[in-house]
Amino acid sequence: QVQLVESGGGLVQAGGSLRLSCAASGRTFSGYVIGWFRQAPGNEREFVAAISSSGRTPYYADSVKGRFIITRENDKNAVYLQMNSLKPEDTAVYYCAASRFSQVMVVNRYSYWGQGTQVTVSS
């Protein structure tokens with residue numbers, strides 16, 4: 001089992017940056033794909049980024065490609081999401097999640113979820 005805790009959210013102006021962290025517990029953390037998803041009020045939860053269990057392969061939604069960077073440190077049981085050039089439409093609650101499956105963009109392939117952290121981008 002994996003427990004996940006997000007941190008690093010906050011209020012930032014458009015064009016600014018934030019770094020989200022996802023801290024995990026559990027000895028098998030390195031065996032999971034870790035994904036970031038977000039959900040704005042009235043919207044479905046959507047894929048943002050994911051990283052393979054080894055950390056070698058990142059995946060990004062088209063909407064964040066070139067602006068966000070996902071990394072992980074398995075020795076620290078942590079995954080990070082560096083968010084640059086933030087836009088008001090990036091405003092949402094951001095969740096990290098863990099999956100054993102290869103369909104990294106699919107919400108229901110993730111078994112474990114954090115509680116989320118709010119990101120608000122003002123215009």
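The values are calculated or read from the model by the stated rules, or taken from the named source; none is laboratory data. The structure presented is a predicted model; accordingly, all values stated were derived computationally and were not measured. Cβ sites come from the backbone with ideal geometry, for glycine too, and all protein chains shown count toward neighbours. SASA here: full protein model, heavy atoms, side chains in, ligands and nucleic acids out. Shrake-Rupley method; radii C 1.70, N 1.55, O 1.52, S 1.80 Å.
Report the extension gain between R19 and Q115 in nm, rounded to one decimal, defined as 0.36 nm multiplied by the number of residues separating them, less their alpha carbon distance.
32.9 nm
Rank S25, A49, N74 by how far each Cα sits towards the positive end of the charge dipole of the range 1-86 (+1 on Lys, Arg Cβ; -1 on Asp, Glu Cβ) and give me just the farthest.
Of the candidates, N74 comes out farthest on the positive side.
Can you tell me the accessible area per residue over the chain, all protein chains present, probe 1.4 angstrom, in square angstrom?
Ligands and nucleic acids excluded, the result is 51 Å² per residue.
What dipole magnitude, in Debye to the nearest 20, does the range 1-72 give about its Cα centre under +1 on Lys/Arg Cβ and -1 on Asp/Glu Cβ?
Roughly 240 debye for the range 1-72.
Using a 1.4 Å probe on the protein heavy atoms, what percent of the accessible area of the chain belongs to carbon and sulfur?
Looking at the chain in its full context, I get 47 percent from C and S.
Can you tell me the FRET efficiency between S30 and Y59 if r is taken as the Cβ-Cβ distance and R0 is 22 Å, rounded to the nearest 0.05?
So, using R0 = 22 Å, E works out to roughly 0.80.
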